[in-house]
Amino acid sequence: MITWIKRLLAVSMVSLVAACGGGSDPEPNIVEVAQADPRFSILVEAVVAADLQGTLSGTGPFTVFAPTNDAFAALLGELGVSKAQLLANKPLLTAVLTYHVLPAKVEQAAVPVGKPITTVQGGIFKVESVSGALTITDGRNRPTRISATNVQAANGVIHVVDRVLLPADKNIVQTAGATADFSILVEAVTAAGLGGTLSGTGPFTVFAPTNAAFAALLAELGVSKEALLADKALLTKVLTYHVLPARVLKADVPVGAAITTVQGQTFSVDSSLSITDANGRRAKIAATDVLASNGVIHVIDKVILPK
């Protein structure tokens, strides 16, 4: 009789445990996954220092592009600061960390390759497939490899990156000013009084002619650089013809369609990334997707002209 009662109690306890979830541990959230992985110890320290652990432990869902300890070590060398200095700079730390977070669960297969990806921080970055590997271009045009994907958590997913991403710190005018091959373009923007506009919130897309493109234009028009820069009306008309009132990355350029510029007239882009302007003149897009805080720059080898 006693043995039978013991067996009955044992069966009852098993049933009770099963009813309460069988004793299995719940799936860890993003912070807990990172805490359990020694590769992310500095990331976890940073999340705590920025007071983001509560947010990233919440329901989400989130996608986190998680830099490894090696990635943080490289960042400290790049910025010339110690780990203690970085962790003590809460505004910078918060901006950098939230730039690694998307406000949705985005697994590898759903990453919008070539498109602008908007982060919780507000800035954008781009992901492309380079030689079969997914590579991020951040706001400062630094490349970063995604080394592992789809690490699952209860409130989202983690992708591992081998470099700390940094949001843009220069607008379009500042980005052009930091590039020697755009020195005449910057002079022209200043002479036309467009520096303030192109430094604004935007976003804008600028098809930026190189110095060689401006030199060719001067020969084509038979004028000096000084004469061109002095003709503000013409300069403004030409420069605003190179600007679109939206951020349009290469992947979103409408091939074959008329593209309306800030100036009001249109040009078209073909599948070889050649522009045909309003006068039938052709310019080659030599480089694409130079990111800035308020838009994007595409480099062109000829100044395009409206009618």
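Miscellaneous remarks
- The chain: Lys pairs at Cα distance under 23 angstrom, eight or more positions apart or on different chains: 24
- R0 of 30 Å, Cβ-Cβ distance Ser147-Ala286: FRET efficiency to nearest 0.05: 0.45
- Burial ranking of peptide ranges 182-188, 278-284 (average Cβ count within 10 Å, highest at the top): 182-188, 278-284
- Cα gyration tensor shape of region 40-161, rounded if a/c is under 1.5, else prolate or oblate by comparing a/b with b/c: oblate
- From least to most packed, judged by other beta carbons within 10 angstrom and beginning with the fewest, Arg163, Arg142 follow the order Arg142, Arg163.
- Our helix-only sum for the chain, with -39,500 (n - 2.57) per DSSP H run of n ≥ 4 divided by its residues, gives a mean residue ellipticity at 222 nm of -9500 deg cm²/dmol.
- Counted by Cβ distance under 11 Å from Ala49, the other residues give a net charge of 0, where Lys and Arg count +1 and Asp and Glu count -1.
- Kyte-Doolittle mean at least 1.0, axial Cα span of 18 Å or more - DSSP H helices of the chain: 2-19
- Based on C-alpha pairs under 8 angstrom that are at least 6 apart in sequence, region 87-148 has a relative contact order of 21 percent.
FYI, it's all coordinate maths here, none of it is from the lab. Remember, predicted model here, so these are calculated numbers, not experimental data. Here Cβ is always computed from backbone atoms with ideal geometry, including for glycine, and neighbour counts include all displayed protein chains.
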